[in-house]
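Values quoted throughout were computed directly from the atomic coordinates according to the rules given, and no laboratory measurement underlies them. Every value quoted in this text rests on a predicted model; they were computed, and no experiment measured them. For neighbour counting, all protein chains shown are included, and Cβ atoms are generated from backbone atoms with ideal geometry for every residue, glycine included.
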Amino acid sequence: MAHVERFAPSPTGPLHLGHAFSALTAWERAKGGQFLLRLEDIDTARSREEYVQAIFDDLHWLGLEWPEPVLRQSTRLPAYRDALKRLHDMGLTYACTCTRRDIAEALGAPQEGVPLGPDGVIYPGTCRGQNRQGAAAIRLDMAKAVTGDITWLEGDTPVTTSREEMIEGIGDVVLARKDIGTSYHLSVVVDDAFQGITHVTRGEDLRDATPIHRLLQDLLGLPAPVYHHHRLIRDENGKRLAKRDDARAIGKYRDEGATPDDIRKMVGL
Ligand code: GLU
């Protein structure tokens, strides 16, 4: 089977050293196979065309190449809608009208120890089974959706998340927000399959989202890629680079005269 990797940045800011490491890692793992670029621009309020161009420029400068045209998630909304409808028709989704505040109140807004999952606070289930109108979000009914352990491959190693952990440690994740009609989880799963991605390389900050993706793949009858979650690039204080860390933008180093090899060294390649 051909080896197909992707790098899937969101054009919401300049690429920094963490992105460079992620893209170069995927690129190197794709040697002999194919490397694809995908723009995760479903968040139209934060995505900017200037960042799209900067992403192309930075990655080309680093020596990466990919087939054109690049897949943009903003053009894929009908595919996400179809996937959502399938899950709906399977009886696995429900409409949710909760605001962040409603959720905090339902949890009793304790001072400490609110349960956190990959998407933040684990939804307390207020709207489940309520047939809400005017919903702000569509959620996955995790207890209905997951019937057994979820397993994926981290390289050659099988990793398992139990059904109980899916329900209690992840909960009813959002599959679609009303304003954008989809979510990160739903679109990434639909598009990894659409693009024939066999190997997903991404940061270990996304590892906890992987069982959600594997579950959605199983429910939607999509193939399961092999995953590789790589180390994160940290600043001198050991803090991982934030989504927008302009001080470590690739473009900034380039303007200061750094070479692509300097960038490779900086990220430990
Ligand atoms: N678009 C995501 C990000 O920029 C990456 C998604 C993924 O690799 O699955 O963090």
About its Cα centre, the range 159-262 carries a charge dipole, from +1 on Lys and Arg Cβ atoms and -1 on Asp and Glu Cβ atoms, whose size in debye to the nearest 20 is 100
So what are the ³J(HN,Hα) numbers for the range 76-87, from phi and the Karplus equation (6.51, -1.76, 1.60; θ = phi - 60°), rounded to whole Hz, Gly and Pro as x? 10, 4, x, 5, 5, 4, 4, 5, 5, 5, 4, 5
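Checking the a/c ratio against 1.5 first, then a/b against b/c, what shape does the Cα gyration tensor give for the range 76-186? Before the final figure, lay out each step's value.
On the way: a/c = 1.76, a/b = 1.09, b/c = 1.62.
Oblate, since a/c reaches 1.5 and b/c is not below a/b.
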Determine the dipole magnitude for the chain: charges of +1 sit on the beta-carbon of Lys and Arg, -1 on that of Asp and Glu, nothing else is charged, the reference point is the Cα centre, and the result goes in debye to the nearest 20. 460
Mind checking which of Leu219, Gly251, Ile167 is farthest towards the positive end of the range 147-260's charge dipole, using Cβ charges of +1 (Lys, Arg) and -1 (Asp, Glu) about the Cα centre? Gly251
Cys residues of the chain counted as unpaired, since no other Cys beta-carbon is under 4.7 Å: Cys98
Degrees between helix 184-194 axis and first principal axis of the chain (Cα, 0 to 90, nearest 10): 60
Can you give the % of DSSP beta bridges in the range 1-160 that are antiparallel, to the nearest 5? 60
Per-selection metrics, the range 190-269 (Cα): Rg and Dmax in Å: 16.5, 49
Built amide H within the under 5 Å cut-off of Val200, gap 5+: Val226, Tyr227, His228
Row for the range 178-227, column shape: gyration tensor on C-alpha, a ≥ b ≥ c, rounded if a/c < 1.5 i.e. under 1.5, prolate if a/b over b/c, else oblate; value oblate
Using only the C-alpha atoms of the chain, find the volume of their convex hull and express it per residue in Å³. 145
Name the shape class, rounded, prolate or oblate, that the alpha-carbon gyration tensor gives for the range 24-86, where a ≥ b ≥ c are the square roots of its eigenvalues, rounded holds for a/c under 1.5, and otherwise prolate holds if a/b is larger than b/c and oblate otherwise. oblate
With the radius of gyration and the Kirkwood radius both derived from the Cα set of the range 1-157, what is their ratio Rg to Rh? 1.03
The range 121-269: D in µm²/s via Stokes-Einstein (Kirkwood Rh, Cα pairs, 10 °C, 1.306 mPa s)? 89
